[in-house]
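Structure record follows, encoded as structure tokens.
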Amino acid sequence: MRRKDKEITVLKEVIDILDHSDVIRLAMNNGDFPYIVPVNFCYELTPNNQIIFYIHGAKAGTKVELLRQNPLLSFELDTGHQLITNEKACKYSFDYASIIGNGYATFIEEPTAKIAACKIMMNKFAPNKTFNFTEGDVKPIVVIKIEVQAYTAKKH
């Protein structure tokens with residue numbers, strides 16, 4: 001990271017960015033050009049503070065095909081957008097917080113694990129509700145687990 005003065009190294013601040021972001025952008029290898037797709041996500045921390053993302057969606061499509069061919073991906077998410085104005089146009093700026101990194105995607109096939117990931121997802125977006133899932137509910141969807149390998153976080 002070029003601007004070390006803007007780097008976030010405290011895990012609690014990284015978690016705050018995750019908690020305030022609704023969309024993660026995934027970049028996958030698609031030959032000559034990367035394929036980027038925005039998706040909703042949820043996350044959990046392992047006991048050793050590794051970040052794990054979960055996404056879900058249809059069983060077919062470009063994202064699924066590319067990740068089955070090559071599970072390596074990059075990601076970006078951001079929040080806290082605020083325009084900073086000034087009398088001079090060149091002094092305008094933007095506040096934000098972001099996380100950029102890479103990871104390894106695996107497809108969760110076991111129904112109980114798919115249900116657990118879906119519960120984490122629903123808890124992120126509807127934290128005051130309880131949802132029950134059946135194997136039939138998760139059968140038609142794909143759930144992808146992304147183990148974060150490396151990341152940098154920044155706040156401007």
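Computed values, structure above
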item	result
All positions within the stretch 102-149 that are of a type in the set (Lys, Arg) and part of a loop (DSSP other than H, G, I, E, B)	Lys129, Lys139
Residue pairs meeting the criteria (Cβ under 8 Å; at least 6 apart or on separate chains; first without any contact (Cβ under 8 Å) to a residue 40 or more places away in the chain and of a type outside the set (Gly, Ala, Ser), in the stretch 131-156; second open to solvent by 80 Å² or more (accessible area, probe 1.4 Å) and part of a helix (DSSP H, G or I))	Phe131/Lys119; Phe133/Lys119
Of residues in the stretch 1-44 being touching an Asp or Glu at 6+ places or on another chain (Cβ under 9 Å) and open to solvent by 60 Å² or more (accessible area, probe 1.4 Å), the one farthest from Cys118 (Cα to Cα)	Met1
In the stretch 45-101, the residues that are surrounded by fewer than 13 Cβ atoms within 10 Å (Cβ to Cβ), part of a strand (DSSP E or B) and touching a Pro at 6+ places or on another chain (Cβ under 9 Å)	Ala58
Candidate set from the stretch 120-131 (those that are surrounded by 14 or more Cβ atoms within 10 Å (Cβ to Cβ) and not aliphatic (A, V, I, L, M)); member that is nearest to Ile24 (Cα to Cα)	Lys124
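The values are calculated or read from the model by the stated rules, or taken from the named source; none is laboratory data. Small disclaimer: the values here were computed from a predicted structure and weren't measured. No Cβ is skipped: glycine too gets one built from the backbone with ideal geometry, and neighbour counts run over all protein chains shown. Ligands, DNA and RNA are stripped out before the accessible areas are found, and what is left, the full protein with its side chains, is counted by its heavy atoms. Shrake-Rupley method; radii C 1.70, N 1.55, O 1.52, S 1.80 Å.
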